[in-house]
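What follows draws every value from the coordinates through simple rules; no lab data is involved. Bear in mind the structure is a predicted one, so any value in this text is a computation, not a measurement. Using ideal geometry, Cβ is built from the backbone for each residue, glycine included, and neighbour counts are taken over all protein chains shown.
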Amino acid sequence: MNQRRSIFLLSALVFGFAFLYVPILSMIVFSFNESKLVTVWGGFSVKWYRALLSNERMLEAAWLSIRIAAVTATIAVVLGTMAAFALSRFGRFRLRALFAGMVTAPLVMPEVITGLSLLLLFVAFAPLPLFPDARGFSTITIAHTTLTMAYVTVVVQSRLSMLDESLEEAALDLGARPAKVFLVITLPLIAPALISGWLLAFTLSLDDLVIASFTAGPTTNTLPMMIFSTVRRGLTPEINALATIMVGIVTVFVVTAGVLMARQERKRELEMRAAWQAAAAAGPRQ
């Protein structure tokens, strides 16, 4: 019985991974296809990568999406971390439920509703001073920050809920100021959550199509918008080449973040083990 169960679980796992990654591998293989037909192999070639490098509109859209995603992820991490601290460390305050609902509302709100409401907001606030008078980079960044901040808040709040507050209290008792406690103790402990939140926000912003379509101006095209408009006229291997490059970039980011978090976790475990050994060695002497 246990053997049948293990075989079933292994088969389900293999099928799940194949369902997710076989299409991506197929796309990568056909990005080196000589033929214009994306489903017919015509020989190995890198001409579609050369064609992509000469497509200025596609490159401009990709660079715009990367800049928007980077700025969005950075702002979302800052605001999401502040919101997570307010929800996890300030206890029960007035209107806490309303604040938590407003922060996490983008998680369950349809993107069509979010995009339409933000479009109406930008149109209404356009005459105000210091507000972007034309929809483009700024409005898309604001909209994406509104969406991704909710995800960062959930990730950081879950990390803070598992954090041992006695470490911070001990540092405060020893005379450290709150700012130094945050920089020296709290920030390194929640760094994996911050990195995960940043990568998640970056990916969501880079992938978004619906909200960007509502908040972008007539002359602004992000990469998903450009790909969607191109695919409607017919898929070309050039899109496969672009997607392969994006997969490579994301893979590098994920692997780098995983290595850094693993090293930090290993370093923290070694420091904790050394502290316990020092305390154990000092105990008998006392």
*Report yes if Ala257 is surrounded by 15 or more Cβ atoms within 10 Å (Cβ to Cβ) and either touching a Leu at 6+ places or on another chain (Cβ under 9 Å) or not in a helix (DSSP H, G or I) (or both), otherwise no.*
yes
*What is the one condition in (1) under 26 Å from Thr153 (Cα atoms); (2) without any contact (Cβ under 8 Å) to a residue 40 or more places away in the chain that Leu206 does not satisfy?*
(2)
_Just to be sure before I move on: is Leu120 closer than 25 Å to Leu200 by Cα and surrounded by fewer than 17 Cβ atoms within 10 Å (Cβ to Cβ) in the structure I sent?_
no
*asked:* Out of the residues in the range 220-247 meeting the condition of being of a type in the set (Val, Ile, Thr) and not in a helix (DSSP H, G or I), tell me which one is nearest to Ala62 (Cα to Cα).
replied: Thr222
*Which residues, counting only those in the range 157-198, are hydroxyl-bearing (Ser, Thr, Tyr) and either closer than 11 Å to Thr81 by Cα or touching a residue at least 24 places away in the same chain (Cβ under 8 Å) (or both)?*
Ser158, Ser161, Ser196
*Exactly one of (1) surrounded by fewer than 15 Cβ atoms within 10 Å (Cβ to Cβ); (2) closer than 23 Å to Val155 by Cβ is unmet by Ile68. Its number?*
(1)
*Tally time: how many residues in the range 23-49 are among the polar types (S, T, N, Q) and either surrounded by fewer than 13 Cβ atoms within 10 Å (Cβ to Cβ) or outside any loop (DSSP other than H, G, I, E, B) (or both)?*
3
